[in-house]
Amino acid sequence: MLVVMQSGASAAQVETVRQRIEAMGLKAHVMPGAERTAIGVTGNTGPIDPTSIANLSGVKEVVRVTKPFKLVSREMRAESTVVEVAGARFGAAEFPVIAGPCAVESEAQALGIAHAVRAAGAQLFRGGAFKPRTSPYSFQGLGREGLAILKRVRAETGLGIVTEALDTETLEQVAEVADMVQIGARNMQNFSLLRRAGRCGKPVLLKRGMSATVEELLMSAEYLLAEGNRQVVLCERGVRTFADHSRNTLDLSAVVVVQELSHLPIVVDPSHGTGRRDQVGPLARAALAVGCNGLMIEVHHDPDRALSDGAQSLGLQGFEGVMAELRALASTLGRQLQPVPSFP
Ligand code: PEP
Ligand code: MN
């Protein structure tokens with residue numbers, strides 16, 4: 001249920017409504033908007049009688065939310081949410097690009113790539129310190145040492161850091177360093193991890209599971225918002241299909257559907273979405289054209305020797321080329337790649 005306040009409603013009126021909701025044993029989520037404040041109500045197992053709230057002063061209307069996901073739905077909030085991460089804005093006219101290696105391999109590797117992607121126009125640096133690998137014998141990431149390297153990358157380049165939290169044990173360490181905590185495809189329905197990420201105090205990048213529907217993705221995002229974290233960006237990263245010409249099938253129609261159903265921004269990851277370097281640039285342009293809110297791209301200085309996901313990683317020059325093409329396309333679409341924040 002959603003309580004829509006009148007545009008001139010006072011803070012005291014909002015507070016009275018909040019208290020009435022909580023007194024009913026329900027949870028109130030106060031959402032101030034540009035026009036007026038709305039209050040999302042969750043925690044009910046059956047329908048709620050809205051009359052006792054509808055009659056309170058300052059209340060414009062009480063609306064039933066028909067979708068199974070509530071706080072993430074457009075019914076709950078018509079305006080698009082803008083998530084700001086170290087100066088990069090997701091969900092507005094800007095088009096931020098997150099770039100970097102799949103995994104942090106060494107300080108020299110991470111710093112070298114960070115300087116290069118920054119020069120090419122990326123706003124945020126990605127790199128995994130804790131890696132979810134299919135095989136237990138593959139490189140698992142540098143762990144804590146990787147996080148320390150990421151800290152130095154931010155100090156030296158000014159780029160905000162996006163890095164994955166793999167489990168509840170290491171989430172806090174990751175959140176301490178990350179400007180944005182990534183929840184990977186394999187963990188999209190790890191509900192205890194989602195609840196903790198919902199309380200971590202940092203923006204979250206939630207990747208779609210490889211066989212998850214859009215509704216399941218939005219239900220997972222609901223866990224984050226239900227815990228009080230509204231700084232959530234979704235990520236389409238491809239799903240499993242019968243097609244074998246790419247690692248996954250990048251589902252760009254999911255962008256359209258998510259933007260219709262939810263106020264949360266959605267970015268596209270054409271690297272995991274295709275698994276093939278030659279497909280990354282074309283699909284990155286398609287993602288921009290479909291109207292997504294940013295990109296995540298894997299870049300490595302020596303892709304053929306990368307410790308993970310080399311086949312889908314762009315080289316430094318390749319990334320520069322893709323950025324130039326995106327810039328040209330963005331201008332014809334009336335969008336702008338965000339200028340890189342200045343840094344001494
Ligand atoms: C990654 O971003 O490096 C990653 C492991 O992605 P995904 O969870 O989408 O497979
Ligand atoms: Mn990867």
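Is the shape of segment 98-213 best called rounded, prolate or oblate, per the rule: a/c under 1.5 gives rounded, else a/b larger than b/c gives prolate, else oblate, with a ≥ b ≥ c the square roots of the Cα gyration tensor eigenvalues?
Judged from the Cα gyration tensor, segment 98-213 comes out prolate (a/c at least 1.5, a/b above b/c).
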Open item on the list: Let me check I've understood the local charge: for Thr134, count other residues with C-beta under 12 angstrom from its C-beta, Lys and Arg +1, Asp and Glu -1. What total comes out?
Closed with: +3
- [ ] Find the relative contact order for segment 222-294 and round it to a whole percent, using C-alpha pairs within less than 8 Å whose residues are 6+ positions apart.
- [x] 31
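Ratio of alpha-carbon Rg to the 2.2 N^0.38 Å globular estimate for segment 2-63, to two decimals, please.
After normalising by residue count via 2.2 N^0.38 Å, the value is 1.00.
Looking at the chain, send over the antiparallel percent of its DSSP beta bridges, to the nearest 5.
Close to 40 percent.
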Open item on the list: Ignoring ligands, DNA and RNA, please state the percent of accessible area on the chain from carbon and sulfur, probe 1.4 Å.
Closed with: 50
Task: trypsin sites (Lys or Arg not before Pro) lying in DSSP loop within segment 226-269, provided at most 16 other Cβ fall within 10 Å - done: Arg240
Task: chymotrypsin sites (Phe, Trp or Tyr not before Pro), loop per DSSP, at most 12 other Cβ atoms within 10 Å - longest free stretch of the chain - done: 1-136
Task: Average accessible surface area per residue within segment 14-157, 1.4 Å rolling probe, Å² - done: 45
TODO: Output the direction-averaged projected area (hull surface divided by four) of the convex hull of the alpha-carbon atoms of the chain, in nm².
DONE: 18.1
- [ ] Could you tell me what percent of the DSSP beta bridges with both partners in segment 64-213 are antiparallel, to the nearest 5?
- [x] 20
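Relative contact order, percent, of segment 2-63 when contacts are C-alpha pairs under 8 Å separated by at least 6 residues? Walk me through the numbers on the way to the answer.
Details: 94 pairs, mean separation 30.1, N = 62.
Relative contact order here is 49 percent.
Could you order the peptides 201-207, 91-97 from most to least packed, using the average number of other C-beta atoms within 10 Å per residue?
Values: 201-207: 22.9, 91-97: 20.7.
Per-residue Cβ counts within 10 Å, averaged per peptide and sorted highest first, yield 201-207, 91-97.
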TODO: Determine the alpha carbon to alpha carbon distance for each of Lys151/Lys207; Lys27/Lys151; Lys70/Lys202; Lys60/Lys202; Lys27/Lys202 and list only those over 28 Å.
DONE: Lys27/Lys151; Lys60/Lys202
Task: Average Cα contact separation per residue, the chain, under 8 Å, 6 or more apart, as relative contact order % - done: 16
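Given the rule -39500 (n - 2.57) for each run of at least 4 DSSP H residues, summed and divided by the residues of the chain, what is its mean residue ellipticity at 222 nm, to the nearest 500 deg cm²/dmol?
That comes out to -10500 deg cm²/dmol.
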Task: Residues with amide H under 5 Å from that of Val104, placed H, sequence gap 5 or more - done: Gly128, Ala129, Leu142
Open item on the list: Amide H of Asn248 versus every other amide H placed in the peptide plane: which residues, excluding those fewer than 5 positions away on the same chain, fall under 5 Å?
Closed with: Thr274, Gly275
Open item on the list: Distances longer than 27 Å among the Cα atoms of segment 21-166: what percent of all pairs is that?
Closed with: 49
- [ ] For every other residue with a beta carbon closer than 12 angstrom to the beta carbon of Pro270, add +1 if it is Lys or Arg and -1 if Asp or Glu, then tell me the sum.
- [x] 0
Task: Efficiency of FRET from Cβ geometry, Val290 and Glu22, R₀ 35 Å, rounded to 0.05 - done: 0.30
Task: FRET efficiency for His115 and Ala324, using Cβ-Cβ distance with R0 set to 22 Å, rounded to 0.05 - done: 0.80
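The values are calculated or read from the model by the stated rules, or taken from the named source; none is laboratory data. The structure presented is a predicted model; accordingly, all values stated were derived computationally and were not measured. Positions of Cβ are backbone-derived with ideal geometry, glycine not excepted, and every protein chain shown enters the neighbour counts. For the accessible areas, the whole protein counts, side chains as well, though only heavy atoms, and no ligand, DNA or RNA atoms are used. Shrake-Rupley method; radii C 1.70, N 1.55, O 1.52, S 1.80 Å.
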